Every structure is written in structure tokens, then in C-alpha cells.
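Here is the structure we will look at, set down as C-alpha cells.
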Amino acid sequence: QFLFVVTFTTFLLCCVEYDVLFANRPLNHSHAGGAAPDRSKVTLPDAVLPAPQCAQRIRASGWIIFLLVMAAVFWLYRLVKVLCSLLSYWEIRTFYIKALNIPSEGLCNYSWQEVQARLISLQRRQQMCVHKKELTELDIYHRILRFKNYTVAMVNKSLLPVRFHLPLLGPVVFLTQGLKYNLELLLFWGPGSLFQNKWSLRPQCKRVGARRELARRLARAMVLLGLANLLLCPCVLVWQLLYAFFSYAEVIKREPGSLGARRWSLYGRHYLRHFNELNHELQARLSRGYKPATKYMNSFTSPLLTVLAKNVGFFAGSILAVLIVLTVYDEDVLTVQHILTAITLLGLVVTLARWVCWAGLAAGMVGHRVAEREVEHLPSARRSFIPDEHTVWCPEQLLQRVLAHVHYMPDHWQGNASRSETRSEMAQLFQYKAVFILEELLSPILTPLILIFALPARALDIVDFFRNFTVEVVGVGDICSLAQLDVRNHGNPQWLSAGQTEASVYQQAENGKTELSLMHFAITNPRWQPPPPSELFLSQLKEKVQQDAAAAPPAQRILAEGPLGASLLS
């Protein structure tokens, strides 16, 4: 894709004669037999310059040559990285076949739990990890998710400068793939990072006396990396624009409403992620929460926006209808300059207005008798909500359904599901696809500013975090202590009985993440043996759940209580 985008863009810039393509300059075709030249008919080859002339145009532009050289360097770097990855993948394949006795053609038939069980059994027989006799499920997760657990913990403790308050826009969250890449480069695997290899921190990071010197070095590295990003900003920005255009232009033309589909933001994925949660486990959980989250967010559609969309759609549709009728009556209408452009743009406007209109009709009035009947129009699961008269729309219940899957919700959301502030905060976790595209396009400009101005102020806090929340586990290396799922050292008193935790406010994970992560990991890995304090918490929780289940009314009685219960349970 990278080679195609670079080559095709260079061809469009230097090898196309646009005056001929747009018929701004007449082109004479010579015909055999002395026939009169056809000046009106222009073919695509007529608009393409010969190879020598194309090469001359490229050599004449220093800016294009510079971009091509930068693209070649980047492509060679990616090529070397891919080759190294292929060698690593080959080793993994060999290990699966020879050590775990899982053939390549049968790999898709195995669950992760089965693969993990074979790995634990192999450790008992051959002791691949020489520092300890047995590996536990938690050890395996720690090795795979070492850096991800640190990142999740830093988001949980609000260490990273990703929240900003902007004029007119208010509170916003900005975390993109580019910013995440730079943060990982600084902290985990780049030159001069806090980790000296893939499994251990630098020794000076663990010494209290070296914290200020280390923070100064880290702040300086942040500024230098920000300056490097600033220098590369034009190249990265050009690439982002080109890639976004080639990726989304056809989709937007075909289905403009796809920009109104939602996705879990990068910040939301880190905020909602449990400690020790693998990528496929997180994806499955968030996918289950996608429909409830979409329904909840759509309940805030503005009635005013619906009225505007209906009128815009009416005006654009009327003009489009006249143009289509004229085209059917006489196809020469298509030869009028820009008529096809007008028809295409009007069609986009009508489609987008219809999509907004349907969503607003179904969900614009919270608490009224409206229904959702989902119609799948896109693989991306964009919804249209068609009005009906059989369901009650209740944002509090919808938000509880979202919570049942995503597991995390700020305390001040409870009882305030119908407030626009709650919806705005939810939108930071569950954003429009159009917002995602815009953030990624702005990332080359904003990432250097964050690295230079916002991040250095957090350098000392980040150094202290890695020192205070790192433990060394035999056979595993340095890991984030929050990921040990130890409720005694990192539990929250609001979630535990008296005396079950010794954690200070600084040591506690926010929003009950330690307890929720412990529950999730215990359910996902039922054979895992937790430490005694965590096991006590889980046993008390199970007893509480059993008591609540025994005291709860049967489902038949709930269904008979009224239309609200029937609507929600349906």
C-alpha cells in the first residue's frame, strides 16, 4: 500500500497532462488516409506524458525528490522490520509445531486456554524457564502484556497528558496512534528509554536518589523527540492525507453515513481495558458493548438537527430529481461542465441528510414511546433507527446495559445518564469515525506540541510511577505491580471489607480496576490460583452474588411487572 500510494501520487503529480485531460487545450489526432482530425475525442493515453518527459518533471522538482528519498528510507526501514518479524514468526511456528504439538493447519481449532494449558504442561516437563519450576497463567499474561499493563496503569492514574480543556470545545481527550507510538518509544523500547531490554528497567530507575536526574534526562528526550516529530511533520502529514484520501474517499461516496458510525476510541480502549487482558479478550468484550453503547449515544440526537436534515434533504433531493429527469430526457445534459459533480454531491447530501433524519426520528425524544429496529447497512454496523410504537427509551437502563459489558463507569454518571455532560464524556470513549479520522490527520501537528510542551512537566511523576509500581518477579522480570491483582497492596476500600487492603490513596487503582481485573482474570482462567487476600475477596464476592441471586424475583415476575421491564428484557 505504501509503495502504491507513493508511486500513484508521483504519477498524478508529474505524469498527467491535466490541460489535455480537462479539454482546456485542443488535441489534434492524425488519421491515416488524410481524414480530418478529431479534435473532440480525448482518450486517457492522450493525457499521460511519455516516460522521458515524466522523469524530467520529477528531476526538476527538488521537493518531490526530497519526499521520494524520505519515502524510500522509510520503506527500507519497514522492509528490514518485516524481515525480522518474519524470522520471529518462523520461530513461533516451529515452537507451536514441535514443542506444543499444534500443527499449523489445525491452529484455528484451538482456543487460547488450550494453548496456554499446553505451555504450562510443557514447562513442567522441560523447564523452559530455568528460574522457576512452574509457570502460572498470570506469569504468561505478564510476559505478553508487560508494556500494555504499564500503559493501562498510567491511563488509570491520569499520568499521561491526554486530557485538555480548549476554548469553545471544552474538555477533550487526544490520544492517537502517533502519540501512542512516541510514548512507547520514550518509555519502553526506544534508545535511552526507561527499560534497558524487554524485561527489566534500568537500575537507576529503581533508585530514589537518581529520580531527579532521570526526570531531567527523560524531559530532555521528550523535547528532542518532539522536535524530531516537528521536522518530520510535513512528510508524515502528506502521508496521512494521502492515505486517508485513498482509504475513505470511495467509502464516503458510496455510504456517507459510515462517517456517523461509532468506534471505541484509542483512549477508551486503554481506559476500559483490564489489567492482564489480551487483545482478543478486550475486543470481544467491547464488541458485545457496541450495540448498547450505540443505542445510548443515539438517544441524544437533537430534534433541531432532525428538522434541519429533513429540509436540507428536501432541497437537495428536489434539485437532484430535476437533474436526473433532464438527463433521462436528453443525455447531452451530461456534457455540461460539472453536471456530474453536482449530481454526485447532491446524492451525498441527500444520503447523509436521510441518515441523520432517521436517527433523529427514532431517538430524539428521550422517554417517549419510540422503538429501535436495527437495520444493518454496513459491515461496520452502522445503524438506522426506524420509528415504532412499542418500546420505551430509557437512557439510565441503556447506560446500565453498556456498563454490563465495558465494566467501567465514573461514579458521577450514576443517575445522570440523561445529562449531556455524561453523553459528552461517553463520546470520549465511543467516538464518531469522522472524529477518529480527523484526530489522526491532526496528529502529525499536535503530537510534537504535546511532546514539547505538555509531557515534560509529567517527567518526574512518570519516573516515580515506574519506581513505585514496579516489582521483579522470578522468571518473568520487571512488571507493573498493579497487574499482580493484589487487593491488599492496591485494592480500593470502597470495594473491600474492612482490613482487606493496606493501600494508600496513591497505591490504589482508580475506579476499582484492581478488583474488576481480578474478577475478569479469575473468570477467564478458572484454574488460576490467586494469592490468599485476592482469593478471600473472590470467595466473599461469590457468596454475595449467590445471596442476591437467591433473593431476586424470578424472571416471570419481572416480565409481569409492566411494559418497562418487558421492553428492557426483550
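The values are calculated or read from the model by the stated rules, or taken from the named source; none is laboratory data. This one's a predicted model, so the numbers in the text were calculated from it and none came from an experiment. Please note: Cβ atoms are built from the backbone with ideal geometry, for glycine as well, and neighbour counts cover all protein chains shown. The protein model used for the area step is the full one, side chains on, heavy atoms only, and it has no ligands, DNA or RNA in it. Shrake-Rupley method; radii C 1.70, N 1.55, O 1.52, S 1.80 Å.
Quick one: length gained pulling residue 130 to residue 217 fully straight, 0.36 nm per residue minus the C-alpha distance?
Stretched fully, the residue 130-residue 217 segment lengthens by 27.8 nm.
Order 239, 75, most accessible first, counting only protein heavy atoms with a 1.4 angstrom probe.
Most to least solvent-accessible, the answer reads 75, 239.
What distance in nm separates the two pseudo spin-label positions at residue 112 and residue 64, each 7 Å out from Cα along the beta-carbon direction?
Taking the simple label geometry, residue 112 and residue 64 are separated by 4.8 nm.
Taking R0 as 41 Å, what's the FRET efficiency between residue 540 and residue 197 from their Cβ-Cβ distance, rounded to 0.05?
0.55
Is it possible to state the helix-based mean residue ellipticity at 222 nm for the chain, with each DSSP H run of 4+ residues giving -39500 (n - 2.57), the sum divided by total residues, to the nearest 500 deg cm²/dmol? What is it?
Computed ellipticity for the chain at 222 nm equals -18500 deg cm²/dmol.
How do 63-72, 417-426 rank on mean C-beta neighbours within 10 Å, highest first?
417-426, 63-72
In what order, largest first, do 443, 318 sit by accessible area if the probe radius is 1.4 Å?
In descending accessible area the options line up as 318, 443.
Could you order 330, 411 so the one with the most accessible surface comes first? Probe is 1.4 Å.
Listed by decreasing accessible area, they come as 411, 330.
What FRET efficiency do you get for residue 305 and residue 246 if R0 is 41 Å and r is their Cβ-Cβ distance, rounded to the nearest 0.05?
So the FRET efficiency works out to roughly 0.85.
Residue farthest toward the positive end of the dipole of the chain, with Cβ of Lys/Arg at +1 and Asp/Glu at -1: which of 69, 284, 259?
69
Please state the charge dipole magnitude for the chain, taken about the Cα centre, from unit charges on C-beta atoms (+1 on K and R, -1 on D and E), reported in debye and rounded to the nearest 20.
1520
Mind listing the phi-derived Karplus ³J(HN,Hα) values for the range 244-255, rounded to whole Hz, using 6.51, -1.76 and 1.60 with θ = phi - 60°, and x for any glycine or proline?
3J(HN,Hα) across the range 244-255, in whole Hz: 5, 4, 5, 7, 10, 4, 5, 5, 5, 5, 6, 9.
Counting only C-alpha contacts under 8 Å and six or more residues apart, can you give the relative contact order of the chain as a whole percent?
17
Any chance you could look up the accessible area of residue 409 with a 1.4 Å probe, heavy atoms only, rounded to 10 Å²?
Result for residue 409: roughly 30 Å² accessible.
Quick one: which residues, 5 or more positions from residue 16 or on another chain, have an amide H under 5 Å from its amide H? H modelled 1.01 Å from N in the peptide plane, none for Pro or chain starts.
When sequence neighbours closer than 5 places are left aside, the close amide H contacts are 49.
Amide H of residue 300: which non-local residues (sequence gap of 5 or more, or other chain) have their own amide H closer than 5 Å, using H built in the peptide plane?
Answer set, sorted by chain and number: none.
Through the Karplus equation 6.51 cos²θ - 1.76 cosθ + 1.60, θ set to phi - 60°, convert the phi angles of the range 457-470 into ³J(HN,Hα) values in whole Hz; use x for Gly and Pro.
My calculation for the range 457-470 gives 5, 9, 4, 5, 5, 5, 4, 4, 4, 5, 6, 7, 10, 10 Hz in order.
Pairwise over distinct Cα atoms, reciprocal of the mean inverse distance: report the Kirkwood radius of the chain in Å, one decimal place.
28.7
To the nearest 10 square angstrom, how much accessible area does residue 181 have with a 1.4 angstrom probe?
Roll a 1.4 Å probe over it and residue 181 shows about 90 Å².
Of the peptides 185-195, 127-137, how do they stack up when ordered by the mean number of other Cβ atoms within 10 Å, highest first?
185-195, 127-137
Hey, what's the chain come to in accessible area per residue, 1.4 Å probe, Å²?
Each residue of the chain exposes 57 Å² on average to a 1.4 Å probe.
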